[in-house]
1. For the stretch 135-147, does any single residue satisfy the condition of being of a type outside the set (D, E, K, R), modelled with pLDDT of 95 or more and more than 18 Å from L164 (Cα to Cα)?
2. Looking only at the stretch 126-135, decide whether some residue is free of Cβ contacts under 8 Å to residues at least 60 places away in the same chain and either touching a Lys or Arg at 6+ places or on another chain (Cβ under 8 Å) or outside any helix (DSSP H, G or I) (or both).
3. Please verify whether A195 is out of contact with any Cys (no Cβ under 6 Å at 6 or more places or on another chain) and either assigned to a helix (DSSP H, G or I) or over 20 Å from G131 (Cβ atoms) (or both), treating the condition exactly as stated.
4. Please specify each residue of the stretch 133-176 satisfying the condition of being among the aliphatic types (A, V, I, L, M) and either in contact with a strand residue (DSSP E or B) (Cβ under 8 Å, 6 or more places away or on another chain) or surrounded by fewer than 19 Cβ atoms within 10 Å (Cβ to Cβ) (or both).
5. Check A47, A66 and return the single one that is in contact (Cβ under 8 Å) with a residue 60 or more places away in the chain and in contact with a strand residue (DSSP E or B) (Cβ under 7 Å, 6 or more places away or on another chain).
6. Of everything in the stretch 51-78, what is of a type in the set (D, E) and either in contact with a helix residue (DSSP H, G or I) (Cβ under 7 Å, 6 or more places away or on another chain) or surrounded by 17 or more Cβ atoms within 10 Å (Cβ to Cβ) (or both)? Give them in sequence order.
7. Quick check on my filter: what residues within the stretch 160-195 are among the charged types (D, E, K, R) and either under 21 Å from L8 (Cβ atoms) or without any contact (Cβ under 8 Å) to a residue 40 or more places away in the chain (or both)?
8. Mind checking which residues of the stretch 21-39 are in contact with a strand residue (DSSP E or B) (Cβ under 7 Å, 6 or more places away or on another chain) and surrounded by fewer than 19 Cβ atoms within 10 Å (Cβ to Cβ)?
Amino acid sequence: MTTTCILLCGGDNSRWGGYRNAPRKHLVDVEEEILLHRTLRMIEARACDRTVVVVNRDDVGLYASALSVPHEFHGIVPASPRHTEAYKFLSSRELWNPAGRTIVLMGDVWFSEEAMTTIFESPSGDWTAFGRAGASRFTGRPYGELFAQRFTASQEHEEKLADLDAQYRAGTCRRAASGWAHYHLMIGVDPNVHAVGPRFVEIDDFTDDFDCPSDYDAWVFRRAFQGIEERQGLFHRSWAPLPAGATEVMTGGL
């Protein structure tokens, strides 16, 4: 089975504001390496047949010049008022692998080696979300995050995204976190609540995303003081999919 990896690096970056001289948050230096470059390097060390970086079409040159080696880019029309929150994922649909598996990675996430191995190798089904169900111990964000999706069921994936797009347009889905809303539809749960159940694999280590500069600063601070312990395994909880049929409904956040 072939594997296609897609890194989502679109968005307007309005909250980043060029912090630390990085024009886009995916291009910030983290531990002396550009975040996006690190993720691409980790993918190349694994079994992936095609890797594509999805960016706003006007940013293709910016991203290409920031990386030391050539990569495949896919330029998209930037999100506009005519798009819903589902566009973040629908914008990459022509890249999904129709005959194999697709791995979609959030471009603003710092992935640990253990997390990346979990995403590529954990024995889960035809559609799986990978993330952190609860608050971050490192950035202080009080809500969960989705870091990646892996699927072979591209038809179901697209159908639920189309459903989500329709719900946004009808006003029946009011949740800004489209990744979670999509996941909820995939497991048959109201997209407006925060529920974790089947088709989800928990990643609980230093893997985290940088939505804004304060996330980055908090993560770097905690990494400096706890990095040694994390590398020794004291701050890692290995992947743990919930049993089929189990659903944990969480309050607050998102």
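1. Yes.
2. Scanning the stretch 126-135 turns up at least one residue that is free of Cβ contacts under 8 Å to residues at least 60 places away in the same chain and either touching a Lys or Arg at 6+ places or on another chain (Cβ under 8 Å) or outside any helix (DSSP H, G or I) (or both).
3. In short, no.
4. A133, A135, L146, A148, A153, A162, A166, A170, A176
5. A47
6. The one that is of a type in the set (D, E) and either in contact with a helix residue (DSSP H, G or I) (Cβ under 7 Å, 6 or more places away or on another chain) or surrounded by 17 or more Cβ atoms within 10 Å (Cβ to Cβ) (or both): D59.
7. Passing the criteria: K160, D163, D165, R174, R175, D190.
8. Answer for the stretch 21-39, where residues must be in contact with a strand residue (DSSP E or B) (Cβ under 7 Å, 6 or more places away or on another chain) and surrounded by fewer than 19 Cβ atoms within 10 Å (Cβ to Cβ): just V30.
The values are calculated or read from the model by the stated rules, or taken from the named source; none is laboratory data. Note that the coordinates shown come from a computational prediction; the quantities given were computed from them, not determined experimentally. We place every Cβ from the backbone using ideal geometry, glycine too, and count neighbours over all the protein chains shown.
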